Structures are given as C-alpha cells and as structure tokens.
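Okay, so here's the structure we're looking at.
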Amino acid sequence: MNNEDFDIMSNIKLIDSYKAYLLSSVADLFATMAKGNKGDIEDIKDEIAEIIIFSYLISKRLGLEYSVIDERVIKKLKIGILEENTVEKEFQDYSRLISYMKNGRKIE
C-alpha cells in the first residue's frame, strides 16, 4: 500500500467517524428536545453547534471549501424565498439567515 492509498483510507475512516458523530449529535438533539421544558438549553446549543461543525468537517473532507457550503446554503434559502415558503412568509427566517450570513456573523 503506497502513501496515497493510505491517505485515502485515512480520509475515509475520518469521514466515517465524522458521520457517526453527526448522527449521534442529531440523536442527542432529538432526545433533549423530547424532554420538553426539562431539556437544557445549553445542551441544545451544544448539539446544534456539533451538527454544524461536523457538517462543515465532512464537507471539507469531501473536497468542498467552507465558502462553497455557505454559498449553497444562501442559494437554497433564496430558492425558498422565491417559492414563497410558508415559514418565510410567516417568520422571515430565510431572509434573516441570509442577512446574518452575508453581513458577517457576530459572536456575542
């Protein structure tokens, strides 16, 4: 096995690990949310953050730049706006997320 084969195998193993962590984070989020008011908001924040982190890390391992993912997210949100998505009509969530992503993410 040459170095290139080893790198490919390492990358595949890492992607599989990230996928497992991602699925685990989604399951943890659902479990926390199922607790209703007993769910800890800090746990929910952590789980959502982990979902976002592992999504970005998987994309990078698949050869996609983070900016490409950001651009695709904005594109999909714009499509939702154009299709007059019910959520967008009522809450403007899509527009607000586009604005947040385009105008610089401000960390509190």
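Find all pairs meeting these conditions: Cβ atoms under 8 angstrom apart; at least six residues apart or on different chains; first residue within region 1-19 and under 20 Å from Ile53 (Cβ atoms) and assigned by TED's automatic domain parsing to the domain that holds Lys60; second residue at pLDDT below 95 and not hydrophobic (A, V, I, L, M, F, W, C).
Asn11/Arg61; Leu14/Arg61; Ile15/Arg61; Tyr18/Arg61
Considering only residues of region 22-50 that are of a type outside the set (A, V, I, L, M, F, W, C) and in contact with an Asp or Glu (Cβ under 7 Å, 6 or more places away or on another chain), which is surrounded by the fewest Cβ atoms within 10 Å (Cβ to Cβ)?
Asp28
Could you go through region 75-88 and let me know if any residue there is surrounded by 15 or more Cβ atoms within 10 Å (Cβ to Cβ) and closer than 25 Å to Lys19 by Cβ.
yes
Scanning region 90-108 for residues that are charged (D, E, K, R) and loosely packed, with under 11 Cβ neighbours inside 10 Å, which turns out modelled with the lowest pLDDT?
Glu108
Among the candidates Ile48, Ile12, Ile52, which residue alone is in a helix (DSSP H, G or I) and at pLDDT below 95?
After applying the criteria, what remains is Ile12.
The values are calculated or read from the model by the stated rules, or taken from the named source; none is laboratory data. Worth saying up front: this structure is predicted, and the values here are computed from it rather than measured. Every residue, glycine as well, gets a Cβ built from its backbone with ideal geometry; the counts of neighbours run over all protein chains shown.
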